[in-house]
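> Starting off with a structure, shown below.
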Amino acid sequence: MSRDECSRERRSIPLISPFCSRPEPRASTPTCSGPRAEQARRRWPSLARQMVAALCALSMLGVSACGGGGGGSGKKDEGDFVAEWDPGATGLARALQREELFEDLADALNDGFKLPRDLPIVHTSCGEENAFYDPRQGALLMCYELLDLVTSISLQLAEDEEEAAQRAIGTWTFIFFHELGHGLADLYELPLTGGEEDAVDDFSTLLMIEADLVQEVAYAADFWLETDPGLVDASQFADEHSLNQQRFYNMLCLIYGSDPNRFDILVSGGHLPESRAVRCPGEYEQKLKAWETLLKPWSKE
Ligand SMILES: [Zn+2]
């Protein structure tokens, strides 16, 4: 099935909804303002709290996924993850700040991982829709402008305000873990092979799968497909990132590969081609093992 034949449904990963069963896109596109956005905002605090509960399982990732035993590696713990908020938070950013989602997330990461120095997680105004690890500053920068875009697209894609909130928070969490992957690759001097952008997409996807935030990471995959520029030119082919559609399929492959029986609908529904799907359980095992091996020396347990 081509993207044109079922574009909206194809964006919606059917872990909950059946394929091609969703209504046509609305004539009016919701934005960050208006009554529907207001309803979504009311759901953000409680959704954020639920996410915190799930994400706190991440402290387990440093222990269980890394297999334990890292405590004797000789790596010293000389820093902490520290959440910081610059002025200017509005909308979802304000809700996340109020709910202290990233403070709790930093605590969970501090429970799981040693750091050679502090790693600030800074929400800030950047003047562009972006999020990135800045090696000179030694900080993860999460831009309010990109969060506004994530919120706007989540409202466009969602059927109701609860789903909009889950999409926005899930996508933002994915983006944060992607940037965290860059930060850890630098601080730990990880010997990555292949493209770092692909590797940290894998890292983020695996973290969310292991925290059982599978629907949320599927929503993040939707975000990449939705923001696909369509026609690509040399600059996109030359970019350090894979094409958005490739990022989408790579994420789906890891989800499917983590439990082919549970996520069979990704293949039977036509979202993930069978030709790729047969490789996905092996890809999942290989990538999980690779990240376990890389992170094990820095695990606190
Ligand atoms: Zn990146």
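> Given the pairs Lys76/Lys287; Lys114/Lys287; Lys75/Lys287; Lys75/Lys114, which span a C-alpha to C-alpha distance of over 18 angstrom in this model?
Values: Lys76/Lys287 26 Å; Lys114/Lys287 21 Å; Lys75/Lys287 23 Å; Lys75/Lys114 8 Å.
The pairs that break the limit, which is 18 Å between Cα atoms, are Lys76/Lys287; Lys114/Lys287; Lys75/Lys287.
> Continuing with this model, one more query. Using the number of other C-beta atoms within 10 angstrom as an exposure proxy, rank Glu163, Glu129 with the fewest first.
Fewest-to-most Cβ neighbours within 10 Å comes out as Glu129, Glu163.
> Residues with amide H under 5 Å of Asp80's amide H, sequence separation 5 or more or different chain, H placed in the peptide plane at 1.01 Å from N; which?
Under 5 Å from the amide H of Asp80 lie the amide H atoms of Asp118, Leu119, each far enough along the sequence or on another chain.
> Find which of Ile209, Pro260, Thr227 sits farthest along the positive direction of the dipole of segment 187-269, computed with +1 on the beta-carbon of Lys and Arg, -1 on that of Asp and Glu, about the Cα centre.
The residue sitting farthest along the positive end of the dipole is Pro260.
> Something else: Fewest first, what order do Thr90, Thr124 take by the number of other Cβ atoms within 10 Å? Kindly include the intermediate steps, with their values, before the conclusion.
Working: Thr90 12, Thr124 18.
Result, fewest neighbours first: Thr90, Thr124.
> Please report the spacing between the Cα centers of segment 206-244 and segment 72-143 in Å, no decimals.
22 Å
> A further question follows. Give me the dipole magnitude in Debye, nearest 20, for segment 98-202 about the Cα centre, with unit charges on the beta carbon: positive for Lys and Arg, negative for Asp and Glu.
Its charge dipole is roughly 440 debye.
> Just flag the trypsin sites (Lys or Arg not before Pro) in segment 202-301 sitting in loop per DSSP whose Cβ has no more than 13 other Cβ atoms within 10 Å. Each step should come with its number before you reach the end.
Values: sites: Arg247, Arg262, Arg276, Arg279, Lys287, Lys289, Lys300; in loops: Arg262, Arg279, Lys300.
Sparse-neighbourhood loop trypsin sites (Lys or Arg not before Pro): Arg262, Arg279.
> So who's got an amide H within less than 5 Å of the one on Ala139, skipping anything under 5 residues away but keeping other chains? H placed 1.01 Å off N, in plane.
When sequence neighbours closer than 5 places are left aside, the close amide H contacts are Asp134.
> How would you rank His182, His271, going from fewest to most other Cβ atoms within 10 Å of each one's own Cβ?
The fewest-first ordering by Cβ neighbours comes to His182, His271.
> Check which residues have an amide H placed less than 5 Å from Phe113's amide H, if you skip close sequence neighbours.
Long-range HN contacts for Phe113: Lys300.
> Then there is this: Quick one: 3J(HN,Hα) in Hz for segment 219-232, Karplus 6.51/-1.76/1.60 with θ = phi - 60°, rounded, Gly and Pro as x.
So the Karplus estimates, Gly and Pro as x, are 5, 5, 4, 4, 4, 5, 5, 5, 9, 4, x, x, 4, 10 Hz.
None of the figures in this text is laboratory data; all of them are computed from the coordinates on show. Bear in mind the structure is a predicted one, so any value in this text is a computation, not a measurement. Don't worry about glycine lacking a Cβ; one is built from the backbone with ideal geometry, like all the others, and counts go over all protein chains shown.
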